[in-house]
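Written out below as structure tokens is the structure these notes cover.
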Amino acid sequence: MPLAALPPAEVAALLSGAGVPLTRSASVEDVSEVAAAFTGLGVTPVVLKAGGLLHKTDAGGVVLGLRSVTAAVETAEDMVGRLGPDAYPLVLQQQVRGLEILVGARRDPQLGAAVVVGLGGVATEVHDDVVTTMAPLDRDQARAALRQLRAWPLLDGFRGEPGRDVEALVDTVVAVSRLVEQDDGIVELDLNPVMVGHDGEGVAVVDARVIRTDDPPLVERARHDLDRMLRPRHVVVVGVSDDPHKVGARLFRYLDEHGFPGRLDAVHPSGGEVDGRRRYTSLAEVEGSPDLVCVTVPGRFVLDVARQAVEKKAGGVIVHSSDFAEVGEEGRAAQEELARVLREGGVPLAGPNDMGVVAPFRKLTASISGGLEEGLVEGGVALLSSSGALGSCLGTRLMGERVGLSYWIHAGNEADLVIADYLEWLAGDEDTRSVALLLEDVKDGPRFIAAGRRMAEAGKPMFAYNMVRSDRGRAAALSHTGAMVGSFAVREAVVRAAGMVSVPSLRVLEDAVALAALEPLPAGDRLVAVTFSGGACSIIADEGEVAGIELPDLSEATCEAVRPHVPSYAAVRNPLDCSYQMITQPDAFEKLITALTERGEYDALLLQFTTNADPYAEKIAEKVVAMRDRLDIPLYVSRYGGAQLAPKALEVYRRNSVHVLDAPDRATLAVAAVMAGARALRAHGAGGAR
């Protein structure tokens, strides 16, 4: 992608046309023109800049406070003498004062255009105070981005200082968003600094840089109808040998043993039979048009199978075979040819190098994961994963915890179908109640965002763990914005724009999606926590503050209702340490929970147990399950202690589909993620509770 920085005059014209306020300036190509330019500005003091340099201040290419023609000319002569012709064009500019803010944009060919705001000036990278969002932005979204800055108090008014002209800054952010949305050629746009005056004084852009490309924008990807592929009635596995340890034979066995209810055919050049079924010698020999073709043959034979799938007008193809883009340029070329053949034939391609698709409700196990040696568990979670191995780990854990899955889809190399395509389809899937995403990359950011918003509008919370967080391999940036915004930051912005919650770890991903699938979503952010440990109270309070959970104080009426049910020495507050004694008093514990929740002051309840043991732990568990069915708010259970002490209690929870958390920090982060998920749904017009 050839890149070019626009000359200052073109930058000024572009920004002025977009409604971005610029300081008065003039650009000259020779020192002899400085005097006339200075006079023409008609203002003092003036700043002289070496417009041809990227980091002007570092090179001594910025001089402030010029108040006369003589000073301007002498300074220009000195600057060119020191810096040489690279200093041109020289820029003379009105010197203005204000708070220095960065406003920028960066376009990623796959992800779309990101808009950046941050604390600006020459120390932008040192401050590292930036917020990244995706274009387009309206005024409310621009204002919300500014409020997320650590520097927001400086804009809002700090220690008696008057506030800055935030509304004028919002106008500038929106104008930048609109410009990069409309102009596909802008790769990076960097306004730094934008000088923000006090309230009513407006803003002025002091320095601006625009990087363009002449490359045409990416052609919009075709949309596929995935109904046949993901709800197949006829599946063909190509590559089913007599060796039960080979991938094809194992995949075929999974489909058979898990009871796929539709037609199931096997293909291998040796023909004959497999498990009492006819084994065809080629896909072309199979009667009819299969809904799904699973390809497990060596990579060099895959293209021939793909051509046969096109001839058969198959509903979709999953290529489990490897030796494609993951192994180098030769493999990449083979992958591109494979994708072209199927795309032109109108057949969706999953993979290659794809673990496959599992749909427990449909008894579909079109996957090579060893996790299918165990039974399937149906549930409301759809799992979409860039990683086959980690997706298999999470999928089997969710089924092992009896949370269950609606779909478990590995994206493979995404030569054709990408995660956005599956997400778009799942928005209309009635079995899916929540979504977990394991992301190494996001392809087709605009479609990903649109699909996520459809999912959010349908009331289905989404939780994403964004892997590959380091940008160490990225090329050197051409501007402050490029330096500050790596691919991970843009992917995070895409996830947020899609209405998803970005979670910090695999553990939080697993917990959040499980809680969202098994419990009603909280209608707000007010949590009440009950523990049997003062230390646990401290941890919940600390983690809750960091994670954005509200832990409101108990009202006086609730305090009075609670006091008779706790020891006299217990501090009645939120989080509430009801003392270790109550672990052996199930009835009193039930009355306490009723007193805490009956006034509707909270949106969710967290019970944090410690090392309680059977038989009392079992009795408490039975009370908790009964209360869970009665309460109007979600009830979350966490127990931090040896499982061997309370096997009967844990079985009560397991039997009743209660996802049990453990340490108080883990529990608080999980609840925070679920509350954020519900908040995202409300922001997109969906109800918080289901």
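The values are calculated or read from the model by the stated rules, or taken from the named source; none is laboratory data. All values derive from a computational prediction rather than experimental measurement. With ideal geometry, Cβ positions are generated from the backbone for all residues, glycine too; neighbour counts draw on all protein chains shown.
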(1) under 19 Å from residue 491 (Cα atoms); (2) of a type outside the set (D, E, K, R); (3) in contact with an Asp or Glu (Cβ under 7 Å, 6 or more places away or on another chain); (4) outside any strand (DSSP E or B) all hold for residue 200 apart from (1)
Restricting attention to segment 255-263, does a residue exist that is touching a strand residue (DSSP E or B) at 6+ places or on another chain (Cβ under 8 Å), crowded, with 20+ Cβ neighbours inside 10 Å and in a strand (DSSP E or B)?
-> no
Restrict the check to segment 680-687 and report whether at least one residue is without any contact (Cβ under 8 Å) to a residue 12 or more places away in the chain, under 29 Å from residue 431 (Cβ atoms) and not in a strand (DSSP E or B). yes
By residue number, the members of segment 114-131 that are more than 26 Å from residue 199 (Cβ to Cβ) and modelled with pLDDT of 95 or more are 114
Selection from segment 616-675 of residues of a type in the set (Asp, Glu) and within 35 Å of the chain's Cα centre (by Cα) yields 629, 632, 651, 662, 665
Note on residue 140: of the conditions (1) modelled with pLDDT of 95 or more; (2) within 26 Å of residue 445 (Cβ to Cβ); (3) surrounded by 14 or more Cβ atoms within 10 Å (Cβ to Cβ), unmet is (3)
The lone condition residue 529 fails out of (1) at pLDDT 95 or above; (2) more than 17 Å from the chain's Cα centre (by Cα); (3) assigned to a loop (DSSP other than H, G, I, E, B); (4) small (Gly, Ala, Ser) is (3)
Residues in segment 319-326: is at least one of a type in the set (Ser, Thr, Tyr) and in a loop (DSSP other than H, G, I, E, B)? yes
Only one of (1) modelled with pLDDT under 95; (2) closer than 19 Å to residue 358 by Cβ does not apply to residue 254, and that is (1)
By residue number, the members of segment 45-66 that are in a loop (DSSP other than H, G, I, E, B) and not aliphatic (A, V, I, L, M) are 45, 51, 52, 55, 56, 57, 58, 60, 61
If you go through 626, 672, the only one that is of a type outside the set (D, E, K, R), outside any loop (DSSP other than H, G, I, E, B) and touching a residue at least 40 places away in the same chain (Cβ under 8 Å) is 672
Exercise. Scan segment 339-347 and give yes if some residue there is touching a residue at least 12 places away in the same chain (Cβ under 8 Å), within 27 Å of residue 242 (Cβ to Cβ) and in contact with a strand residue (DSSP E or B) (Cβ under 8 Å, 6 or more places away or on another chain), otherwise no.
Key: no
Expected single match for surrounded by 18 or more Cβ atoms within 10 Å (Cβ to Cβ), out of contact with any helix residue (DSSP H, G or I) (no Cβ under 9 Å at 6 or more places or on another chain) and touching a residue at least 12 places away in the same chain (Cβ under 8 Å) among 181, 188 is 181
Here the residues within segment 10-37 that are in contact (Cβ under 8 Å) with a residue 12 or more places away in the chain, farther than 18 Å from residue 204 by Cβ and hydrophobic (A, V, I, L, M, F, W, C) are 28, 31, 34, 35, 37
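Results for (1) surrounded by fewer than 20 Cβ atoms within 10 Å (Cβ to Cβ); (2) in contact with a strand residue (DSSP E or B) (Cβ under 9 Å, 6 or more places away or on another chain); (3) farther than 17 Å from residue 669 by Cα, shown as yes or no for each residue.
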| position | (1), (2), (3) |
| --- | --- |
| 512 | no, yes, no |
| 532 | no, yes, yes |
| 551 | no, yes, no |
| 570 | yes, yes, yes |
Here the qualifying pairs (Cβ atoms under 6 Å; residues six or more apart or on different chains; first in segment 124-136 and within 20 Å of residue 107 (Cα to Cα); second among the polar types (S, T, N, Q)) come out as 131/148; 135/177; 136/177
The one condition residue 358 fails out of (1) assigned to a helix (DSSP H, G or I); (2) under 19 Å from residue 407 (Cα atoms) is (1)
In segment 158-167, anything in contact with a strand residue (DSSP E or B) (Cβ under 7 Å, 6 or more places away or on another chain) and buried (at least 19 other Cβ atoms within 10 Å of the Cβ) is listed as 164, 165
Just one listed residue, out of 24, 67, is within 22 Å of residue 193 (Cβ to Cβ), surrounded by fewer than 17 Cβ atoms within 10 Å (Cβ to Cβ) and either aromatic (Phe, Trp, Tyr) or at pLDDT 95 or above (or both), and it is 67
Here is a check on your reading of the model: is residue 59 touching a residue at least 12 places away in the same chain (Cβ under 8 Å), crowded, with 16+ Cβ neighbours inside 10 Å, of a type outside the set (Asp, Glu) and not assigned by TED's automatic domain parsing to the domain that holds residue 203? no
For residue 44, the lone unmet condition from (1) touching a Lys or Arg at 6+ places or on another chain (Cβ under 9 Å); (2) buried (at least 19 other Cβ atoms within 10 Å of the Cβ); (3) polar (S, T, N, Q) is (2)
Among residues of segment 558-581 being outside any helix (DSSP H, G or I) and more than 44 Å from the chain's Cα centre (by Cα), the residue nearest to residue 605 (Cα to Cα) is 567
